[in-house]
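Here's the structure, in structure tokens; my notes come after.
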Amino acid sequence: MNASITPITMPKFGLAMTEGKLAGWMVRPGATVKAGDDLADIETSKITNAYESPAAGVLRRQVAQEGEMLAVGALIGVLADADTSDADIDAFIAQFNAEFSAGAAESADDTPPEPSVIDVKGRALRVLDIGHGDGDPIVLIHGFGGDIGNWLFNHAALASNRRVIAFDLPGHGGSGKDVGPGSLEFFSSVVVDLLDTLGIERAHLVAHSLGGGVALTTVKNAPSRVASLALLAPAGLGPDINMAFIDGFISADRQKTLIPVLSYLVHDKGLIGRKMADDVLRYKRLDGAVDALRQVAAANFADGHQTDNLRPVLESVPPTLVIWGKDDEILPSSHAAELPDAITVEILPDTGHMPQMEQSEEVNSKIRTFLAR
Amino acid sequence: MSKKSFRQAINEAMRLEMRRDPRVIIMGEDVAGGQGGTSGVVDAWGGVLGVTKGLYTEFGPERVLDTPITEASYIGAAAGAAATGLRPVAELMFVDFVGSCLDQIMNQTAKFRYMFGGKARTPLVIRAMFGAGFNAAAQHSQALYPLFTHIPGLKVVIPSSPYEAKGLLIEAIRDDDPVIFLEHKVMYDDEEEVPDEAYTIPFGEANLTREGDDVTIVAFGRMVKLANEAADKLERQGISCTVIDPRTTSPLDRDTILDCVADTGRLVIVDESSPRCNMAADISALVAEEAFDALKAPIRRVIPPHTPVPFASVLEALYLPDAAKIEAAVKAVMNHKVTEAA
Amino acid sequence: MQIARETLLRSYRAMRTIRDFEERLHVEFATGEIPGFVHLYCGEEASGVGVCANLTDNDTISSTHRGHGHCIAKGVEVSGMMAEIYGKSTGVCRGKGGSMHIADFSRGMLGANGIVGGGPPLMCGAALSHKTLKDGGIAVAFYGDGASNEGTTLESLNLATVWKLPVVFVVEDNGYGEATGSSFAVAGTQKDRAAGFGMPYLECDGSDFFAVYQTAGEAIAHARAGNGPIMLHVHLQRWYGHFEGDAMTYRAAGEVAEAKRDHDCLDLFRKKVTEAGLLEHAELDAIDEAVRDEIESSVVAAKAAPLPEPADLLADVYVRY
Ligand SMILES: Cc1ncc(C[n+]2csc(CCOP(=O)(O)OP(=O)(O)O)c2C)c(N)n1
Ligand SMILES: [Mg+2]
């Protein structure tokens, strides 16, 4: 290797630097520099600093492009005298890079789609919008204390041939924490606002628990916007509600006290792990989250019973599917009794309040069949 | 929600609280940086490692105060201000510099409330970076949390990740007692998902970063990450660990530690601080006293030797706990054979 | 002023050694091979050298985080220093201290110091030893303008006066403590501070070796004569960042360039001694060359030197335990 070639490498500025960005070259290729001349601006997470040439020579190559992020020690340029041949420079770069990158192979990343927070008529809503297709899109509406994570096993499956939008209700997940009065009327108006904002004329609503009440209220107030309803253990069809769950969910502030509360949600108690509890706690720690839950509970379950009776709405609804877990400990599956004949009711055995998680494949296929009808 | 570094998470916690509460102020050496300089650029540093960067620009000189190099007087001033209506977040830069101002912390701040019969409230946060791993040598690498934990009246927080740092710092700022908030300097560029909003993580509540059946590992700060690395490896070898991050050493979540030891019967404690009278010793005493019968093997501590932190990399690596040492300690407690009394 | 030719040559060599040592570290640090913090003394060489040229190995000094210059000025071996900075077992502190903790007791060098304001109280103690043991030695506390605000420093000015100790307090005033200017951080003046303790005060331009040498000579003579402590305020400029990695955005464009152009202590020294006919250019050139070789071989040796042994970790915590 040619001794007159000096590699210019990503410098280490300060104690903590492991990588740096080449913010800009200060010398053009072919220019002659003295030791100590500024060669390039290097940016780190803290500072931008000029990198001075360690030697004299001609800047023969700018190996790194402006804006490139490189590890300390990586080759950013090559300094040599004017009569070193280009071939020698190329060979030098190839060898340097081969040696430097040995063992530092990067793994390809296939990151899942990320939700984003959008402005919906002045409210910040976290939305995960995936899938394409010809039919009306689906909007997924979660229940009390839930978020888009409740649709983890359903969202992508339903989106194989259709646009499917999940979002966090106000007060929930990553959405703004203002819940206004916290009523079904309020949440339903937000659903309509969301449809407006996304430019959706009509959507299938797939809704769970309190979200089912929101969907039914939306049918009541804006029937033209709803193509069909798939309701999973929906609120609004009877007075009963497990207040031990509601109160416990609001008050529990550690994994240990929360896990028994979350256990009400499922038939198979083994499903409730630390991770799930931790996700809920992370949400509940956000400023305003617990106040929002209190407000929603006060508006909807004030005296230990459900405030709204939405059975009358079912008299004239678009096509509707109701799915309920037989062993639901939050809203009893008996609320699915005596619904109008036009409504398809599926009661799933060995299933609690979260059929979309506990029986995800079955629920997905029932919804797909229902929509394909 | 977005990926944020430990540094950004801490910066954001201060920023959000300063927006929320005008009584929150920041002070310390070069927390802005550039005052009295010749270029006119203030906020030139934002702290030696850039953690308070941008706060001066947003909140101005009345709320972001650069101090002369006078720890005893500005830390004391922060305590005095806290006792009289402000909510200062004072930065001590390297925790080692506590040597220059310990009286104000130990004899003044910490004791106000008790000595004055419950009349004082001192909502002071002292932030400082700690820990070895950067070849910063004996006077810039110490993990002095046992020193503060030893002093009644102080709360002591050791965040183990960016998410933890933001929530714990907001909690610290809102807390009405003096809180020592210790940031491991090697972690500032660690990244993870952190909510954009304000949130709080309560003190005295340990976090289980994983649950297992065989061994309980208690670790602090950066050691939590190393404990999880070791636990990942052990998992592939059929040994499952619970890893407890106590989050705060004062208050200490004794219940969670005792519960987990009751479940696993084996305990390894990973503590970067000097070994005599450190957290590993403290927790060992707790478990020996309260959960002796649950133990299937002696407690193991993964701790540095009783020496100052050496400079040279080879020695510093030997000095520090690491994943391999943790793995070996876990295997040692797993392999312990109970000898029958003759 | 009469200065022995020998002293001139030794002082020039010491200043050149500091300059080359520091500039080499500046380059080597950027490669990522040097661990830890490094604070460079470039631009301030005449201060340490001008003061220490009036001292012997029997006198004691304390230094700061910016300590390489004081070490070299007090006669600490360059190769041992370089090896220390590289964390090698051949380092003056066996690789256990690093840049911020270089010490050599055989030279009366009680250590660079990672704690701002750490040195002045120690020098009260060293002076107490010299005074009590009547060994003729004195103590010099080097500290920065930033450190002049520490309680430990101000308390030491008082203690040294009360005990009438042979201490010279050398304030190396480079106008900055980290990124903060002394016009912001230092209330009043160093002169008035000295006066406040009833302590005599001298000052000088730190880019002029001869000014420092002479003024320090007076200060040291004062202390040696048993007249108690004295303050020497040296006005300086720092050429590099506070530590390696500092972009110095708080300093006006051109400030450092001007200092390098107009206040380079080595240039000024050369100009003076050659114009006065005290030394020849060729003699100075020869020193430059010898120093270049010395620094080069110290780096080569440091890189090749063995690492500390595992057993070193546990050694020397105590004399006996
Ligand atoms: C007790 C203490 N506080 C703060 C620091 C961090 N620190 C290191 S050097 C420095 C600036 C010192 O300024 P000055 O005394 O003027 O010396 P200079 O760096 O200008 O040589 C500071 C604040 C420290 N090392 N020790
Ligand atoms: Mg200074």
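The values are calculated or read from the model by the stated rules, or taken from the named source; none is laboratory data. Model, not experiment: these values are computed from the prediction. Note that each Cβ is placed from the backbone with ideal geometry, even for glycine, and that neighbours are counted across all protein chains shown.
Listing for the model above:
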| item | result |
| --- | --- |
| Number of positions in the range B:49-74 that are within 16 Å of ligand 2 (Cβ to nearest atom) and more than 7 Å from every other protein chain (Cβ to nearest Cβ) | 1 |
| Every residue from the range C:172-186 that is near ligand 1 (Cβ under 9 Å from one of its atoms) and not in a loop (DSSP other than H, G, I, E, B) | C:E172, C:D173, C:Y176, C:G177, C:T180, C:S182, C:A185 |
| Of all residues making up the range C:54-80, the number that are out of contact with any Leu (no Cβ under 9 Å at 6 or more places or on another chain), on the phi < 0 side of the Ramachandran plot and in a loop (DSSP other than H, G, I, E, B) | 11 |
| Residue match in the range B:66-79 (condition: of a type in the set (A, V, I, L, M, F, W, C), more than 16 Å from ligand 1 (Cβ to nearest atom) and under 27 Å from C:A187 (Cα atoms)) | yes |
| Residues that are within 16 Å of ligand 1 (Cβ to nearest atom) and polar (S, T, N, Q), drawn from the range C:28-80 | C:S47, C:S62, C:S63, C:T64 |
| A:A230 being among the aliphatic types (A, V, I, L, M), in the same structural domain as A:G176 (by TED's automatic domain parsing) and in contact (Cβ under 8 Å) with a residue 40 or more places away in the chain | yes |
| Matching option when the condition is among the aliphatic types (A, V, I, L, M), at pLDDT 95 or above, away from ligand 2 (no atom under 16 Å from the Cβ) and outside any loop (DSSP other than H, G, I, E, B), among C:L279, C:L202 | C:L202 |
| Given (1) among the polar types (S, T, N, Q); (2) farther than 23 Å from C:H26 by Cα; (3) within 16 Å of ligand 2 (Cβ to nearest atom), number of the condition C:T274 does not satisfy | (3) |
| Residue in the range C:191-199 that is in a strand (DSSP E or B), out of contact with any strand residue (DSSP E or B) (no Cβ under 6 Å at 6 or more places or on another chain) and within 16 Å of ligand 1 (Cβ to nearest atom) present | no |
| Residue match in the range A:158-165 (condition: surrounded by fewer than 16 Cβ atoms within 10 Å (Cβ to Cβ), under 21 Å from the mean Cα position of the chain (by Cα) and outside any strand (DSSP E or B)) | yes |
| Unmet requirement for B:A77, which otherwise passes all of (1) over 16 Å from B:V125 (Cα atoms); (2) more than 8 Å from chain C (Cβ to nearest Cβ); (3) surrounded by fewer than 24 Cβ atoms within 10 Å (Cβ to Cβ) | (1) |
| Qualifying residues in the range A:228-266 (those that are more than 19 Å from A:V296 (Cβ to Cβ) and within 14 Å of another protein chain (Cβ to nearest Cβ)) - the one surrounded by the most Cβ atoms within 10 Å (Cβ to Cβ) | A:Q255 |
| Residue in the range B:90-108 that is more than 16 Å from ligand 1 (Cβ to nearest atom), more than 14 Å from chain C (Cβ to nearest Cβ), touching a residue at least 60 places away in the same chain (Cβ under 8 Å) and in contact with a Ser or Thr (Cβ under 9 Å, 6 or more places away or on another chain) present | no |
| Residue match in the range C:201-222 (condition: within 16 Å of ligand 1 (Cβ to nearest atom), of a type outside the set (A, V, I, L, M), touching a residue at least 60 places away in the same chain (Cβ under 8 Å) and away from chain B (no Cβ under 14 Å)) | yes |
| Unique match (being in contact with a helix residue (DSSP H, G or I) (Cβ under 8 Å, 6 or more places away or on another chain) and in a loop (DSSP other than H, G, I, E, B)) among B:G76, B:G47, B:G40, B:G36 | B:G36 |
| Number of the exception - C:E84 against (1) surrounded by 24 or more Cβ atoms within 10 Å (Cβ to Cβ); (2) touching a residue at least 24 places away in the same chain (Cβ under 8 Å); (3) in contact with a Lys or Arg (Cβ under 9 Å, 6 or more places away or on another chain) | (2) |
| Counted residues, the range B:113-130 - those being part of a helix (DSSP H, G or I) and either touching a residue at least 60 places away in the same chain (Cβ under 8 Å) or within 16 Å of ligand 1 (Cβ to nearest atom) (or both) | 1 |
| Single residue of A:G122, A:G143, A:G135 found to be free of Cβ contacts under 8 Å to residues at least 12 places away in the same chain and more than 15 Å from the chain's Cα centre (by Cα) | A:G122 |
| Meets criteria (small (G, A, S), on the phi > 0 side of the Ramachandran plot, within 14 Å of another protein chain (Cβ to nearest Cβ) and not in a helix (DSSP H, G or I)) for B:G133 | yes |
| Strands (runs of 3 or more DSSP E) wholly inside the range A:1-96 containing at least 2 residues that are charged (D, E, K, R) | A:19-25, A:38-43, A:57-62 |
| Any hit, the range B:218-233, residues being within 10 Å of another protein chain (Cβ to nearest Cβ) and either closer than 30 Å to A:R126 by Cα or surrounded by 24 or more Cβ atoms within 10 Å (Cβ to Cβ) (or both) | no |
| Residues of the range C:241-268 classified as closer than 24 Å to C:I287 by Cα and either within 14 Å of chain A (Cβ to nearest Cβ) or of a type in the set (D, E, K, R) (or both), total | 5 |
| Sole residue being over 14 Å from the mean Cα position of the chain (by Cα), away from every other protein chain (no Cβ under 14 Å) and over 23 Å from C:W163 (Cβ atoms), chosen from C:S106, C:S89 | C:S106 |
| Tally, over the range B:195-217, of residues that are buried (at least 19 other Cβ atoms within 10 Å of the Cβ), of a type outside the set (S, T, N, Q), facing another protein chain (nearest Cβ under 10 Å) and in a strand (DSSP E or B) | 2 |
| Residues of the range C:144-176 that turn out to be of a type in the set (G, A, S) and away from ligand 2 (no atom under 16 Å from the Cβ), as a count | 3 |
| When residues of the range C:241-255 are limited to those that are within 14 Å of ligand 1 (Cβ to nearest atom) and hydrophobic (A, V, I, L, M, F, W, C), the one farthest from B:G37 (Cα to Cα) | C:F243 |
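Yes/no matrix, rows are residues, columns are (1) in contact with a helix residue (DSSP H, G or I) (Cβ under 8 Å, 6 or more places away or on another chain); (2) without any contact (Cβ under 8 Å) to a residue 12 or more places away in the chain:
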{"site": "C:A247", "(1), (2)": "no, yes"}
{"site": "C:V256", "(1), (2)": "no, no"}
{"site": "C:L268", "(1), (2)": "yes, no"}
{"site": "C:K272", "(1), (2)": "yes, no"}
{"site": "C:I287", "(1), (2)": "yes, no"}
